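The next block holds one structure in the form of structure tokens; read it before the comments.
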Amino acid sequence: MSIKKYTTDGKVQHYTVTEDDINTRLGKIIGDKFVDYRSQWDKVNKFSLITDFPLYIQFDTTQKCNFKCPHCLITDDYNLDKLFSKETISDEGFERIIDEASEHQCPSIALHGTNEPLLDKGLETKIEHLFKRGFIDIMINTNASALTESRIKKLLDSGLTRIRFSIDAATEKTFNKIRVGGNYKKVVKNIEMFVELKEKGGYKLPVTGVSFCKQKANEHEDRAFIEKWKDIVDHISIQRYIPATSDQKYKEFYPTDKVYHEEFNEFRCPQPFQRLVFRNQDITPCCAWYSRELSLGNVNQTTSYQAWNSDLMRSIREIHRKGEWYKNDVCRKCVELNYPASKKFLIQNKLNLEIENV
Ligand SMILES: C[S@@+](CC[C@H](N)C(=O)[O-])C[C@H]1O[C@@H](n2cnc3c(N)ncnc32)[C@H](O)[C@@H]1O
Ligand code: SF4
């Protein structure tokens, strides 16, 4: 079976097809503009290109979810309150961000983060609008619970390029433990309906995927998950579990995989070279749940261009270009939560005390 590390954030593995396979396919459908953007994306991921404006922006249009997955920050009001600013982005703020990104010909956007995007009833209209404004790679992750035939048809006509359905289980029993509040049969039926309507309508896009956030409660089902979905959707991703905070309760979800607990050599984060992530009104350099601790400014006071070219953003890029993630407290926390074995690496390399905050 083909397995390749998904380069978008280094936290996802792709099964059955590689990310390159998907992008080659998208290049054929969308054309030269897409091929150029992916070529820039590859350079950015190798730290050899810094663009004038991010190639990718990501934000939530609401801060709501109808599930209560225990591993997810959105179910944790206490920590969510500490980590996110209260104010969400207004419609006017959304329009301002889109106007600016569109003027800079930003190619890609995701309307998901820590929420369920389909709870926004205006989501399909927003995607259509983004397509008209020139975005060529538009994506969402969803729990698939709020899909209906009419919403699927609207999504298929909207210009959406990628949709990923999170399921995190291969059986109803495990699903009920992880996707609390969801209905397994309904979710599976909705995804199958999406794929069927896409096929019947002769749509080439969006590319469909299912995802599985591997953790202790489901780690025994990853193979069964791949088997179940491999002939239905375009790709399958097995996602790395990353604790939302260093609270002990989140550490309980780590899978028992050796790779989590023993192996760590080096880390360089490509995200500050790729993207801006809007955490409510904060503009931030990455998708870490606590990325607000590296806030580059408030959407009402700073432009995306200013945030992208700010001294803080430049210095974060510089430490990652050099592989010195341990020099920033927040990056250090991120690596320690992602790769528990990194602590041993710091001690062995006598780097554990050298924190120079940027
Ligand atoms: C945060 S959700 C947002 C979109 C949508 N509600 C969904 O479930 O797909 C996106 C994905 O992140 C995963 N996720 C949630 N908490 C996570 C964590 N602590 N580490 C890694 N992935 C996580 C979910 O399982 C889901 O696959
Ligand atoms: S459905 Fe998605 S956003 Fe909602 S609680 Fe689960 S993982 Fe989090």
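Nothing in this text is a laboratory measurement; each read-out follows from the coordinates by a stated rule. Since the model is a prediction, treat every value here as computed from it, not as a measurement. Every residue, glycine among them, receives a Cβ derived from its backbone with ideal geometry; neighbour counts consider all protein chains shown.
Pull out a ≥ b ≥ c, the square roots of the eigenvalues of the alpha-carbon gyration tensor of region 219-277, then state rounded if a/c is under 1.5, prolate if not and a/b is larger than b/c, and oblate in the remaining case.
Since a/c reaches 1.5 but b/c is at least a/b, the shape of region 219-277 is classed as oblate.
From the helices alone, meaning DSSP H stretches of at least four residues, give me the mean residue ellipticity at 222 nm for the chain, per-run term -39500 (n - 2.57), in deg cm²/dmol to the nearest 500. Please report the intermediate quantities before stating the final value.
Values: 16 runs with 142 residues, N = 358.
Result for the chain, helices only: -11000 deg cm²/dmol.
Once the other residues with Cβ under 14 Å from the Cβ of Pro340 are scored (Lys, Arg +1; Asp, Glu -1), what is the net sum? Don't skip to the answer; put the middle values down first.
On the way: positive: Lys216, Arg240, Lys251, Lys258, Arg332, Lys333, Lys343, Lys344; negative: Glu252, Asp257, Glu262, Glu263, Glu336.
The answer is +3.
Under 4.7 Å Cβ to Cβ, no partner at all: give me those cysteines from the chain, in residue order.
Flagged as lacking a Cys partner: Cys65, Cys106, Cys213, Cys269, Cys286, Cys287, Cys331, Cys334.
At most 14 other Cβ atoms within 10 Å plus a DSSP loop assignment makes a site exposed; report the longest stretch of the chain without any exposed GluC sites (Glu not before Pro).
88-251
Can you give the local net charge around Tyr290? Use residues other than it whose beta-carbon is closer than 10 angstrom to its beta-carbon, Lys and Arg +1, Asp and Glu -1.
Charge balance in the 10 Å sphere: +3.
Taking the Cα centre of region 231-358 as the origin, how large is its charge dipole in debye, to the nearest 20, when only Lys and Arg (+1) and Asp and Glu (-1) carry charge on their Cβ atoms?
Value, rounded to 20: 240 debye.
Cross-link list Lys43/Lys258; Lys64/Lys132; Lys173/Lys251; Lys43/Lys251: which exceed 28 angstrom alpha carbon to alpha carbon?
Numbers: Lys43/Lys258 31 Å; Lys64/Lys132 26 Å; Lys173/Lys251 22 Å; Lys43/Lys251 34 Å.
Listed pairs above 28 Å: Lys43/Lys258; Lys43/Lys251.
Dipole magnitude of region 177-292 about its Cα centre, charges +1 at Lys/Arg Cβ and -1 at Asp/Glu Cβ only, in debye to the nearest 20?
Dipole about the Cα centre, nearest 20: 420 debye.
If I take every Cα pair under 8 Å that is 6 or more residues apart in the chain, average their sequence separation and divide by the length, what percent do I get for the relative contact order?
19
Have a look at region 19-152 and give its Rg and Dmax from the Cα atoms, expressed in angstrom.
Values for region 19-152 (Cα only, Rg and Dmax): 16.5, 46 Å.
Please compute, for the alpha-carbon atoms of the chain, the extent along each of the three principal axes and give them in descending order in Å.
Reported extents, whole Å, longest axis first: 59, 47, 38.
Rounded to the nearest 5, what % of DSSP beta bridges with both residues in region 198-332 are antiparallel? Don't skip to the answer; put the middle values down first.
On the way: 4 of 10 bridges.
Counting DSSP beta bridges with both partners in region 198-332, the antiparallel share is about 40 percent.
Checking the cross-link filter: which aspartates and glutamates have an alpha carbon closer than 13 Å to that of Lys204, excluding same-chain neighbours under 8 positions apart?
Asp157, Glu196, Asp234
How large is ³J(HN,Hα) for each residue in region 242-258, as worked out from phi by the Karplus curve 6.51 cos²θ - 1.76 cosθ + 1.60 (θ = phi - 60°), to whole Hz, x for Gly and Pro?
Once θ is set to phi - 60°, the couplings for region 242-258 become 10, x, 5, 9, 7, 4, 4, 4, 7, 5, 5, 8, 3, x, 8, 2, 4 Hz.
Under a straight-distance cross-link criterion of Cα-Cα below 12 Å, which aspartates and glutamates are reachable from Lys185, leaving out those fewer than 8 residues away in the same chain?
Within the straight-line cut-off, Lys185 pairs with Glu172.
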